Each structure stands twice: as structure tokens, then as C-alpha cells.
1. Give me the inter-chain shielding for A:150-163: mean count of other chain Cβ atoms within 10 Å, whole number please.
2. Per the Cauchy relation, a quarter of the hull surface: what is the mean projected area of the convex hull of the alpha carbons in region A:129-259, in nm²?
3. Give the average, rounded to an integer, of partner chain Cβ atoms located within 10 angstrom of each Cβ in B:71-79.
4. Rounded if a/c is under 1.5, else prolate if a/b is larger than b/c, else oblate: which is region B:2-241, with a ≥ b ≥ c the root eigenvalues of its Cα gyration tensor?
5. How high is the relative contact order of region B:2-241, in percent, with contacts defined as C-alpha pairs under 8 Å that are six or more residues apart?
6. Would you mind checking the tilt of helix A:127-151 against the longest principal axis of the Cα atoms of chain A, expressed as 0 to 90 degrees and rounded to 10?
7. Given Cβ point charges of +1 (Lys, Arg) and -1 (Asp, Glu) and nothing else, what value in debye, to the nearest 20, does the dipole of the protein assembly as shown about its Cα centre take?
8. With unit charges on the beta carbon (Lys/Arg positive, Asp/Glu negative), name the residue among B:14, B:135, B:206 whose Cα is farthest towards the positive pole of the charge dipole of the protein assembly as shown.
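Since every read-out is calculated from the coordinates, none of them should be taken as a lab result. In this text the structure is predicted, and so the values were computed from the model without any measurement. Positions of Cβ are generated from backbone atoms using ideal geometry, with glycine treated the same way; all protein chains shown enter the neighbour counts.
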Amino acid sequence: MQRPVPRQAGRGLVHGIPAVLSVASAFVIWEIYVRLSGISPLMLPAPSRVLDQIMLNRALLWDNTVPTLKATFAGFSLSLTVAFSLSVVLDFMPRVRRALFPIFVVSQTLPLVAIAPLVVLWFGFDLTPKVLLVALVTFFPMLVALVDGYASTDPEIEDLMRSMGASRTDIFRSARFPSAMPYFFAGLRISITYAVVAAIFAEYVGARAGLGIVILNAKNSFRPDLVLAAVVISSLLTLVLFAATAMLQRIVLRWRDLEERR
Amino acid sequence: MNLLELNHVSVTLGDTAVLNDINLHVAEGEFVSILGPSGAGKSTIFRLLTGTLPLQDGAITGAGQNSFAFMPQRDALMPWRRIIDNLTLGLEVQGVPRKKARAQVTLLLEDFGLECFTSHYPAQLSGGMRQRAALLRTIVQGRPVQLLDEPFGALDALTRTQMQTWFEARWQAARWTTLLVTHDVREAVALSDRIYVLSRRPAHVIAEITVPIPRPRLGRPICAQVHAIEAQLLETLLDQTGEKP
Ligand SMILES: Nc1ncnc2c1ncn2[C@@H]1O[C@H](COP(=O)(O)OP(=O)(O)O)[C@@H](O)[C@H]1O
Ligand SMILES: [Mg+2]
């Protein structure tokens with residue numbers, strides 16, 4: 001039995017219309033509420049005010065988006081590299097897999113809130129601790145996606161290849177690895193959202209720049225409008241990365257779209 | 001000359017005796033079928049031959065592991081590869097350069113009716129076309145013996161008949177040494193020179209029948225001799241499945 005993997009990958013803008021409408025109406029209600037109730041902007045700023053803050057502080061926001069983006073990419077690249085290399089080792093050595101997997105599971109139970117300050121303490125305020133934290137958070141989902149993906153290979157295809165005289169390496173390259181791609185992309189889409197959150201949190205705990213620092217400073221100076229402005233930017237960042245992986249998936253997994261359309 | 005011989009081959013999987021003292025042979029250019037009920041152990045014989053399952057008891061002679069081209073029960077086409085790249089898989093594993101492999105496949109495309117489908121993905125093909133592709137992928141490996149595991153079993157009745165007729169013509173032209181596994185009496189009689197009938201699990205050979213009917217046998221009125229052989233096979237099968245009225 002092959003486990004179903006979600007296939008939709010930003011297919012068609014039409015599917016997005018209801019989502020856009022519901023988000024837009026939430027903002028409208030929020031705006032109306034703030035205006036009618038006369039609540040202080042120090043408590044709850046209206047969406048229009050947040051938008052103003054984004055425009056006013058666009059230079060600041062942009063300057064601090066770049067380090068967050070850097071940490072996200074560097075951390076994600078690191079975790080992808082390690083997860084892939086390790087997944088290959090584990091695939092060829094099932095015994096090692098059984099020995100190591102519990103350790104990876106434990107690594108996932110560590111609360112970020114506790115780990116982040118320690119990592120910052122050990123590695124300082126530079127890029128390193130952020131990269132490590134992003135990698136820690138995204139590594140396991142990617143590893144599991146790959147290992148599960150290899151295991152989903154049709155045994156009949158493996159038997160066929162073996163009958164052709166294929167080596168274990170041939171089978172990995174031509175059957176197991178491609179079979180894992182749908183799982184890989186499912187993991188990628190989840191991890192990329194974790195990655196941004198982890199980067200911002202790591203900055204929040206200790207950094208010189210980044211969206212996390214903008215949020216921290218805004219909070220300390222009682223500026224919820226600026227906090228929300230930074231939040232909007234980080235959401236946009238996540239959405240852009242999510243869309244990019246979805247697009248990549250559509251290109252790489254074109255054969256799956258064909259299958260579904262039958 | 002026998003390209004393949006199984007002598008006293010027995011297999012036990014877990015606690016289940018699956019094959020019990022199987023003896024059979026296939027001569028060069030011969031079309032031999034193994035006919036047996038579902039779950040008898042037919043695919044298990046192929047797993048022994050292709051080396052997926054180690055030989056436990058008995059002997060397999062006449063051919064090394066590289067003398068078989070195997071077509072699995074489901075087509076096992078790789079859904080992420082275009083048809084052309086599925087067709088070259090066997091040659092690719094043998095280390096044949098891509099260009100040469102494609103050229104070799106191209107020579108056969110027309111005979112298999114696949115010349116317009118090379119850049120399609122398997123999901124875009126009908127069941128019959130997929131089966132043709134799986135057959136071509138088998139044949140193009142150029143191995144001495146073709147092992148076909150219920151190649152038409154998953155097709156609807158009409159497509160199956162068309163495919164059998166097409167396959168008979170192809171086989172008559174090329175005469176590949178073939179060992180076919182099937183549970184379809186008609187198919188076995190239509191295509192084979194000889195038929196081994198397997199019992200229920202644990203499988204052993206309960207009958208060996210020669211089919212001396214000239215080819216082509218399909219696409220023409222069925223003669224009395226075919227009827228007689230079919231009836232005999234059916235009776236042998238029903239006899240040991242205990243379902244004879
Ligand atoms: N690993 C296994 N352990 C025990 N029994 C098995 C195993 N694999 C297959 N079998 C049994 O072997 C029998 C023969 O299987 P198979 O060769 O696929 O049958 P066929 O191809 O004739 O339908 C089946 O009844 C199946 O239940
Ligand atoms: Mg079978």
C-alpha cells in the first residue's frame with residue numbers, strides 16, 4: 001500500500017479565491033471594529049495603521065528581512081544536505097537506521113524555547129546559532145520524508161530491476177530515489193514554514209539584526225503596530241518560499257499531475 | 001537444446017510449502033506455459049529464476065541468472081519516466097549507452113505499436129498500451145528466455161483478446177523462447193507449444209500437455225481439437241481445486 005501524499009501544489013489561482021476572500025473580510029471586520037470601538041492603537045492597531053507602518057518603515061523592514069532570509073536559507077541548506085546524506089546511509093544500512101532513529105525523534109522533542117537561548121549562548125550573536133536552530137527544526141521532517149519515501153517504492157519495480165541485474169545502488173538511483181520525490185516535496189513544504197519561524201525565534205532570543213529583532217524592539221517600545229508590520233512581512237516571506245517550493249514541485253513532479261487527471 | 005530446466009525444485013516460505021518438487025524444461029524457441037490456479041506458486045517460480053528468492057531445494061540448470069528477461073505481473077512501469085526511458089531501463093542497467101539503447105528500442109517501436117507514445121508518461125497510456133510497453137521493455141533486453149507473468153491478466157476481456165492475437169503474430173515472427181505464467185486456459189492453449197498444469201499450493205506439476213495445433217490459432221474459428229484440449233485442461237484444474245460438480 002502506498003500512502004497518499006497531498007498532491008495539490010498551488011494549482012490554479014481559482015482555488016485560491018475563497019481563501020483570499022475570507023482573509024480580506026477578516027481584515028475588513030477588524031478595521032471596522034477598531035474604528036467603531038475607538039480602542040487605543042497601543043492595544044490593537046487597525047490594519048490600515050499596520051499598512052502605514054510597513055510603508056513608513058520599509059527600509060528598516062527590508063534591512064532586517066535580509067538577515068532572516070539568509071539564516072533561513074543557510075539553515076535549510078544545511079539540514080537538507082545532512083538529511084539527504086543521512087537518508088542515503090540509513091537506506092543502505094537498515095540496522096543503523098533502527099539504532100539512530102530514536103535519537104532523531106528525541107531531537108524533535110526538545111522545546112525550541114529552551115534550546116534557542118542555549119544555542120545562542122554557545123555560538124554567539126552571529127549567523128551560526130540561527131543556522132543551527134533552523135537546521136535542527138527542519139532536519140527531522142526532511143529525513144523522515146526521505147526515509148518514508150524510499151520505503152514507498154513499488155516492490156515489483158525493485159524485483160524487475162533486480163531481474164535485470166541491477167545493483168543496490170542502481171535500484172536506489174533509478175527507483176527508490178525518484179519514488180521518494182513526492183514525499184520529499186510534502187516534507188519540504190512543511191519544513192520551509194517551520195524554517196522561517198525558527199529563524200525569527202532565534203533572532204528574538206539574541207541577534208544583531210533580523211525580523212525577530214524588529215519584533216523584539218517594537219514590543220519593548222510598546223509599538224504593536226510595528227510588531228504586526230514585521231509579522232506581516234514574515235508571513236509574506238513564508239508565503240513566497242511556500243509558493244516557490246510548490247512551483248518547483250509542479251515542475252519536478254509533472255508526472256503526478258498527469259496521473260491525477262486520468 | 002533446453003535453455004532452462006527445473007529439477008525437483010521445492011520452496012517453503014515461512015511455514016507454507018509453496019512449491020513441491022517441480023520439474024519442467026523449456027527448449028530453445030519453444031513457447032511453454034505454466035497454468036495453475038491463483039495462489040498456486042506460479043510467480044514464486046519466476047522469483048526463483050530471477051534471483052529474487054534464493055533456491056532452497058533442487059536444481060535449476062541450463063541458464064545463468066542473466067539469461068532471463070522478466071515481465072512482472074503488474075506492468076511495473078516507472079510512473080516518473082517517459083515511455084522511452086522505461087523501455088531502455090534494462091539496457092541502461094546493462095550499461096548500454098543511452099543513445100545506443102534508444103536506437104535499439106526504436107527498432108522495435110513500430111512492431112509494438114508504440115511509435116507515437118515514446119514521450120508520454122505511463123499514466124497517459126491505456127492498459128493495453130502499458131502492457132505492450134512492458135513487453136517491449138522485456139524483449140529489448142535481448143535475453144535468451146522471456147519470463148512473462150500473466151501479461152494480459154489485468155486487461156478487460158476485449159483488450160485481452162486483441163493483445164493475445166497481436167502477441168501471437170509477434171511471437172510467430174520472432175519465436176522468442178518464452179515461459180508464460182497464466183491462469184487462463186484459453187490463453188495457454190492459444191499461445192503455447194507445451195503446457196504444464198500446476199496443482200493448488202503446494203504446487204507440483206499434475207499434467208504436461210503438448211498443443212500440436214498449427215498457428216495462427218487466434219482470430220479464426222476454434223477447431224474441435226482446441227476445444228478438446230481446453231476441456232481436458234479445465235477438467236484437470238477443476239479436479240484438484242475440488243470444485244468439480
Ligand atoms: N513470504 C511468504 N510467506 C508465506 N507465504 C507466502 C509468502 N509469499 C508468498 N506466499 C504464498 O505463496 C503462494 C504462492 O504465491 P504466488 O507465487 O504469488 O502465486 P501465483 O502467482 O500462482 O498466484 C501464495 O499462496 C502466497 O500466499
Ligand atoms: Mg502470480
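1. For peptide A:150-163, the averaged partner shielding equals 6.
2. 9.9
3. 5
4. Judged from the Cα gyration tensor, region B:2-241 comes out oblate (a/c at least 1.5, b/c at or above a/b).
5. 28
6. For A:127-151 against chain A, the angle is about 40 degrees.
7. 1520
8. After comparing all options, I get B:135.
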